[in-house]
1. Mind listing the phi-derived Karplus ³J(HN,Hα) values for segment A:170-182, rounded to whole Hz, using 6.51, -1.76 and 1.60 with θ = phi - 60°, and x for any glycine or proline?
2. Can you tell me the alpha carbon radius of gyration of the protein assembly as shown divided by the globular rule-of-thumb value 2.2 N^0.38 Å?
3. Within the accessible area of the protein assembly as shown, what % is carbon and sulfur when the probe is 1.4 Å and the other protein chains stay in place?
4. Within 10 Å of each Cβ in peptide C:129-137, how many partner chain Cβ atoms are there on average? Round it to a whole number, please.
5. Taking the Kirkwood radius as the inverse of the mean 1/r across Cα pairs, report the Rg/Rh of segment B:56-211.
6. Of the residues A:203, A:12, A:72, which exhibits the maximal mean-square fluctuation in a Gaussian network model of chain A defined by a 10 Å Cα contact cut-off?
7. Mind telling me which of A:133, A:117, A:31 comes out most flexible in a GNM of chain A, alpha-carbon contacts under 10 Å?
8. Could you tell me the largest-minus-smallest coordinate of the C-alpha atoms of segment C:44-84 on each of the three principal axes, in descending order and whole angstroms?
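The values are calculated or read from the model by the stated rules, or taken from the named source; none is laboratory data. Only a predicted model underlies this, so the values are computations on that prediction, with no experimental measurement involved. Methodologically, a virtual Cβ is constructed for each residue, glycine included, from the backbone with ideal geometry; neighbour enumeration extends over all protein chains shown. Accessible surface areas use protein heavy atoms only, side chains included; no ligands, DNA or RNA. Shrake-Rupley method; radii C 1.70, N 1.55, O 1.52, S 1.80 Å.
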Amino acid sequence: MDTIIPFGIPLWAELAAVALGALQGALFAGALTGRRIDVLGAVLVGIGVALGGSLLRDVLLGEPPVVIYGPWYVLVAAVSALAGLSLQRLFARLDPVILPLDALVIGLFGAIGTSKALALGVPPVPAVFVGAAAAVGGSVLRDVTLNLPVALLHVGSLYAVAAAGGAALLVALVALGVPVLGAAVAAVVVTTVVRLLAVRYGWQFPDQQALVVRRRPR
Amino acid sequence: MDTIIPFGIPLWAELAAVALGALQGALFAGALTGRRIDVLGAVLVGIGVALGGSLLRDVLLGEPPVVIYGPWYVLVAAVSALAGLSLQRLFARLDPVILPLDALVIGLFGAIGTSKALALGVPPVPAVFVGAAAAVGGSVLRDVTLNLPVALLHVGSLYAVAAAGGAALLVALVALGVPVLGAAVAAVVVTTVVRLLAVRYGWQFPDQQALVVRRRPR
Amino acid sequence: MDTIIPFGIPLWAELAAVALGALQGALFAGALTGRRIDVLGAVLVGIGVALGGSLLRDVLLGEPPVVIYGPWYVLVAAVSALAGLSLQRLFARLDPVILPLDALVIGLFGAIGTSKALALGVPPVPAVFVGAAAAVGGSVLRDVTLNLPVALLHVGSLYAVAAAGGAALLVALVALGVPVLGAAVAAVVVTTVVRLLAVRYGWQFPDQQALVVRRRPR
């Protein structure tokens, strides 16, 4: 698998994803009105959501973080977070637009992370893990730094399921000989659609209690 | 110290340790019944407990994480976590077996981490730190992601004391010229025994308040 | 910018900063008297505060952590944390001395982090981010492991503002051709003074709610 080229997306599309992550992170922090988070704090949460997934991906892969060595990521995240804070009312009205875009962003980050892992020679199963981590890392970082329960561990998100499903599909298609670009497109579509349908129809993954096999004495 | 070879254990033994960590992590998350953690969430906690110590060790050492570049770690952790969730009642009865195995796992991860640090040229004191971090990293990651107080900081664990003691012994023995394999075996025994005796006899490290030197005006 | 030499400070000064960080971390943990944190736990918090910023800096830069490969950092941090715990009453009286020293430490860690990032070819904006993260990383690690709200996200700290301001000044001066040593000294002075004046006069950064642009229907 040494010749796999990571699924690259144009820089402008990656920066759009970063901007959207920062926007959402800042709006999330901004909605915590009882917490007295200051302006810089909310901007930092936005930057964390925007860059956390990429950072986690590169730390897991032992690679220099591209969001630090690239000139635009931190700047775009900071400006977008600040804009999100300033225009909270405006963006609140745009929710029907932002949700699909966010689902797309999860898919994109997951596909980039999975294909980068494969390109570095990471075996299939851990490559899925890295891809899923890249997709959800920003959300985890947000919850940990805000001292909140990590949302994706709990019933009701399907965030992680959608991300892991897309990453697994990408790895499976590449193993079957599909070119990485095609596999990545399929993965992005699956992650985005699963996430949107889950929100639309209230799909949930079962509470872990449902798995308990009741064993009665015979 | 440049010629120290890390204390390697057979892959099957390392994977057994990973499986046990994942099992315990999933059972721990599974016992939090009021939290509505979903199946994937509990599996992720299990993977975190199983791989967190190794990840932390390799990040501290600036090395590519072996649990990502090796093909089996994530898979074994995920399967074991899922089995743990499905068979919670069975494993609850196995507690008397699992506790000693867990103590052994802390010892093994600590010895692997300490000897890897020494092999990379890390000086003695930080090598103890890396070894102890490798032993307890999974437990810390579990508590942080579950938004719980980090257990090992608090009175009653001896988890960290046992890990640090074993790591310190390994470093001291290697400095005295003992081959790394022998030093590692001694370290594993010490960590395991200290941990088991602490649980058996309720040993505790003192509350930090006990250290306060009362200074009266003279 | 490939020829920028990191702003190096003498090892003794860096270790003094580490010692002060560990002292403060241990005193902070020691003041949480209702939490039953044990001696080793408080020492670990001290080590985390002392080394967390440097660790975060090197992880963000993808470099081997110097606090692990250098022989003295962990040892100095551990001894200082233990001393802080033992002499809590003494140090409580030294508060007027410790506050200015701590402000100086934030400034030093920020300047070291920013100049190291520039020396590795990190572009200006992410270099400011790395420098600010190096300055405040210990404080964030402390709050996350103690399961407390991350102080610097909230109104009233100016900790992060002072750190980011100093880092931004350093980058700007270097871009204008000022030698890195001079720029670093200016950055340290600015961070230290801003932090001290903020504490003295109760300066605060606004609550993020203040930024909300009220939009009425026209």
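1. The phi angles translate into 4, 4, 5, 5, 5, 5, 7, x, 5, x, 4, 5, x Hz.
2. Working: Rg = 24.4 Å, N = 654, 2.2 N^0.38 = 25.8 Å.
Normalised by 2.2 N^0.38 Å, the Cα Rg of the protein assembly as shown equals 0.94.
3. On the way: 18610 of 26600 Å².
The nonpolar share, carbon plus sulfur, comes to 70 percent.
4. Numbers: counts 10, 3, 0, 2, 2, 0, 0, 1, 0.
Mean partner-chain Cβ count within 10 Å for C:129-137: 2.
5. Working: Rg = 16.3 Å, Rh = 16.6 Å.
On the Cα set of segment B:56-211, Rg over Rh gives 0.98.
6. Among A:203, A:12, A:72, the largest GNM mean-square fluctuation belongs to A:12.
7. In this elastic network of chain A, the residue with the biggest mean-square fluctuation among A:133, A:117, A:31 is A:31.
8. Answer, in whole Å and largest first: 33, 18, 9 Å.
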